[in-house]
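Every read-out reported here was derived from the displayed coordinates using simple, explicitly stated rules and does not represent laboratory data. In this text, all values refer to a predicted model and were calculated from it rather than measured experimentally. Ideal geometry is used to build each Cβ from the backbone, glycine not excepted, and the neighbour counts take in all protein chains shown.
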Amino acid sequence: MTNEAEFIKKLTSKKYKEEAFKKLLDLYQERLYWHIRKLVVTHENADDVLQNTFLRIYKSLPNFKQNSSLHTWMYRIAYNESIRFLEQNKKKQHYSIDDVSDKYLDSLFEDAFFEGNEIQVKLHKLLLKLPEKQRQVFQMKYYDDLKFREIASITGIKEGTLKSSYYNTVKFIEENIATLELSSETKV
């Protein structure tokens, strides 16, 4: 986007808001979908959270203070909506975190939109063994290619802590991916 400040003015003006928001959707819908999808795992859940995310973005545009980039601000909203969804789902289901991880892993493999090879399946299994925050940090850095500064703005976690978490996760994956066995029902 060439001039973000100009684009934000259009997003908050009555005259150009609808047109600018359509452009915003075109630019960010797919990126935010995949960011959310990594957090909530299934296509259906990601679609629901994405819709809620864009509703919140639309309603919150007049309050956008421009303390961060529009991109980072929207990722923060998507992240918060994903966390809200996961917490609500956890409360409804009364599952332990291990049960939730197993349930999500099972639903991932049943998902027609998942096209993972054996290494990707192993990576997902390893990531589900990590604490939720550590997994999210890794996904934002590895998959979304966000800078630590952006992740810090999105999550509210200090950059040094994020770097440590990310590199510990990389080390954990490197040490465990080769030895991880896939059960017969999760082989692709």
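Derived scalar couplings between HN and Hα for segment 42-49 equal 8, 4, 4, 5, 5, 4, 4, 5 Hz in order, rounded to whole Hz, by the Karplus curve 6.51 cos²θ - 1.76 cosθ + 1.60 (θ = phi - 60°), x for Gly and Pro.
Per-residue Karplus couplings for segment 139-151, computed as 6.51 cos²θ - 1.76 cosθ + 1.60 with θ equal to phi - 60°, are listed in order as 5, 5, 7, 6, 7, 8, 6, 7, 6, 4, 4, 5, 4 Hz, Gly and Pro entered as x. When each of the peptides 52-60, 35-43 is scored by how many other beta carbons lie within 10 Å of its residues on average, the order from highest to lowest is 35-43, 52-60. Taking the average, over residues, of other Cβ atoms within 10 Å as the packing measure, peptides 24-30, 12-18 rank 24-30, 12-18 from highest down. Shown for segment 10-54 is the translational diffusion coefficient from the Stokes-Einstein equation, using the Kirkwood radius over Cα pairs, a temperature of 4 °C and a viscosity of 1.567 mPa s: 116 µm²/s. Filter the cross-link list Lys90/Lys147; Lys9/Lys141; Lys133/Lys171; Lys22/Lys158 down to pairs whose alpha-carbon distance in this structure exceeds 27 Å. Over 27 Å apart, Cα to Cα: Lys90/Lys147; Lys9/Lys141; Lys22/Lys158.
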